[in-house]
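This report refers to the structure that appears directly beneath it.
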Amino acid sequence: MTSTEAREVAARAEAFIEDLQTWLRIPSISADPGHHGDVARSAAWLAERLRAEGWPQVEVWDDTDALPAVYASWPAADPADPTVPTVLVYGHHDVQPADLSDGWSFEPFAPEVVGEELRGRGASDDKGHLAMVRLGLAAHLAATGADGPAVHLKFLAEGEEESGSAHLASLLAAHRGALACDAIVVTDTGMVGRDAPTVCTGMRGMVDTEIVFRGASVDLHSGQFGGAVPNPVTELARLVAALHDDRGRVRVPGFYDDVRPPTQTERDAWAALPFDESAWLADSAAGARATSGEAGWSTYERLWARPTAEVNGLHGGYAGPGHKTIVPHSGMAKLTFRLVADQDPARVLAAVRDFVAAHTPAGIEAEVSATGPGVEPLVCDVDSVLVTAIREAMGAALGAEVLPAREGGSGPEALLSTELAAPLAFLGVMLPSDRIHAPDERAVLPLLLKGAEATAHLWRLLGERGV
């Protein structure tokens, strides 16, 4: 039987798609200073839409160093009921850089609907999902006939998540009172597959490093000096080769000391998810030729519950046409370490510095730098009232059991949960094939509409049960 919430979503679907297309035309690229004005324009557009949709309080926050964020709140239909929880929805309205020359088959900021797909930058990550929440609230209000939601609802759309959320901590500190809540629901997430509905219950943390090896003050003639002085690029290559053993484990001493493994219940649930390795390699992994990683763990387990060390770039010496017979004066490697439950970014960075020092030979000066303190991992309590309600709400909308899963990426979720002292969970319907952060991003419109229905169910469930 079709729910009232589903019918209300369907009644608004056409207007929802047109509205979202308008928003997607704003190139709110936070990583590019040339588009910071567009980030502000995106925030202003969203604030105007929220006011038009009836949110009683809407503000654009531009009073910190952060790019403009949008905050809104809507008290519950029964604001005096002390049992009604306050729920904060978090997402971001900025997007990744995109240009036709990057390999797009259509203009990234000229969104279009093709079949079931809405194509354009931000269609899924994350404007599509923030719009999904707005539609879900409208359906919830229409289904209940109330003038307010079943929970005290708050909404925060950050403006620089895609460039690292560098100022989110200061934004949270400046507006801690307004953001106070009993629970946080994050939209910036997805499912394993269209036919394998899942709810994200954790994300990895991350530490990034740049390692520079320096030898002589200038490049040297390889005939006159090669074999007689250390080559920084060669020595850096040796360090990179030493990062992993032959079973794919990271060899940084102490790296695994704090790792909390997944529970057997989680591993059993993940094993029950369908996984076609060939299809995953061809579609989600963009034609990668084989799976690889730490021995003894499945692909999902490697992505969701095991830490990694990845070489993002290795540079040094001459790379032009022909030959230039030199001993390069320096080499540089960029590394990122994805972290899992209970790993501390500061401890990992200290261990990496010690590892580099131990692999720096005489005659080489090493420098290790990081762009920030790193991102902490986050794992939800899969048995909590909040996660259970989200699974039930998604199941009602999708008509299928929703299993727990995790994601391998990193974001500001741990910071949000810690700074606001509230449990956090995820509700999103992005697919691995949505090509987020890549050319030809898209969203599957029927899934966005189902996600809107799920949020409508969620506010009802949390209003009944609390968090």
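The values are calculated or read from the model by the stated rules, or taken from the named source; none is laboratory data. What you see is a predicted model; the values in this text were computed from it and never measured. Neighbour counts run over all protein chains shown; Cβ positions are idealised from the backbone, glycine included. SASA here: full protein model, heavy atoms, side chains in, ligands and nucleic acids out. Shrake-Rupley method; radii C 1.70, N 1.55, O 1.52, S 1.80 Å.
Positive-end ranking of LEU424, VAL9, SER410 along the dipole of the chain, with charges on Cβ about the Cα centre, is headed by SER410.
Sorted by average packing, counted as other Cβ atoms within 10 angstrom per residue and highest first, what order do 349-357, 412-420, 449-457 take? Write down the numbers at each step before the final one.
On the way: 349-357: 17.1, 412-420: 19.7, 449-457: 27.3.
Final packing ranking: 449-457, 412-420, 349-357.
The Cα-based radius of gyration and maximum Cα-Cα distance (Dmax) for region 13-86 are 15.3, 47 Å.
Could you check how many percent of all C-alpha pairs in region 153-306 are farther apart than 20 Å? Could the numbers behind the result be given before it?
Details: 8368 of 11781 pairs.
When all Cα pairs of region 153-306 are counted, 71 percent exceed 20 Å.
A cut-off of 5 Å between modelled amide H atoms, ignoring neighbours fewer than 5 places along the same chain, links GLN57 with SER73.
Once you have a ≥ b ≥ c as the square roots of the Cα gyration tensor eigenvalues for region 415-467, tell me rounded if a/c is under 1.5, and otherwise prolate or oblate according to whether a/b is larger than b/c.
Values: a/c = 4.72, a/b = 1.45, b/c = 3.24.
Oblate is the answer for region 415-467, as a/c is 1.5 or above yet b/c matches or exceeds a/b.
Could you give the angle, 0 to 90 degrees to the nearest 10, between helix 445-465's Cα long axis and the longest principal axis of the Cα atoms of the chain? Here the helix axis deviates by roughly 70 degrees. Computed across region 296-451, the Kirkwood hydrodynamic radius from all distinct Cα-Cα pairs reaches 19.7 Å.
Ligands, DNA and RNA left out, the 1.4 Å accessible surface of region 54-108 is 47% carbon and sulfur atoms.
For region 76-201, how big is the tail of P(r) above 19 Å, as a whole percent of Cα pairs? Tail of the P(r) past 19 Å holds 62 percent of the pairs. Mean separation of Cα pairs under 8 Å and 6 or more residues apart, divided by the residue count, gives region 334-441 a relative contact order of 25 percent.
Pairwise over distinct Cα atoms, reciprocal of the mean inverse distance: report the Kirkwood radius of region 195-234 in Å, one decimal place. Don't skip to the answer; put the middle values down first.
Details: mean 1/r = 0.0670 Å⁻¹.
Answer for region 195-234: a Kirkwood hydrodynamic radius of 14.9 Å.
Taken about its Cα centre, the chain carries a charge dipole of roughly 760 debye when the Cβ of each Lys and Arg holds +1 and the Cβ of each Asp and Glu holds -1.
Modelled this way, with points 7 Å down the Cα-to-C-beta line, the labels at ASP383 and ALA290 are 4.1 nm from one another. With only Cα atoms counted, the chain has Rg and Dmax values of 24.0, 85 Å.
Across region 31-45, rounded Karplus estimates of 3J(HN,Hα) from the backbone phi angles (6.51 cos²θ - 1.76 cosθ + 1.60, θ = phi - 60°) give 6, 10, x, x, 10, 5, x, 6, 4, 5, 5, 5, 4, 5, 4 Hz, Gly and Pro being marked x. Between PRO85, ALA98, PHE109, the Cα set farthest toward the positive side of the dipole of region 84-137 (charges on each charged residue's Cβ, about the Cα centre) is that of PRO85.
What accessible area per residue, rounded to a whole number of Å², is obtained for the chain using a probe radius of 1.4 Å? Let's see the in-between values first.
On the way: 19780 Å² over 467 residues.
Normalised by residue count, the accessible surface of the chain is 42 Å².
Placing unit charges on each Cβ (+1 for Lys and Arg, -1 for Asp and Glu) gives region 103-246 a dipole about its Cα centre, and among THR198, ALA180, ALA142 the Cα reaching farthest toward its positive end belongs to ALA180.
From the Kirkwood radius over Cα pairs of region 102-165, Stokes-Einstein at 20 °C and 1.002 mPa s returns a whole-number translational diffusion coefficient of 149 µm²/s. Rounded to the nearest 10 degrees, the inclination of helix 385-398 to the longest alpha-carbon principal axis of the chain is 70 degrees. Normalising the average separation of contacting C-alpha pairs (under 8 angstrom, six or more residues apart) by the number of residues puts the relative contact order of the chain at 25 percent. Convex hull volume per residue, computed on the Cα atoms of region 346-408, equals 138 Å³.
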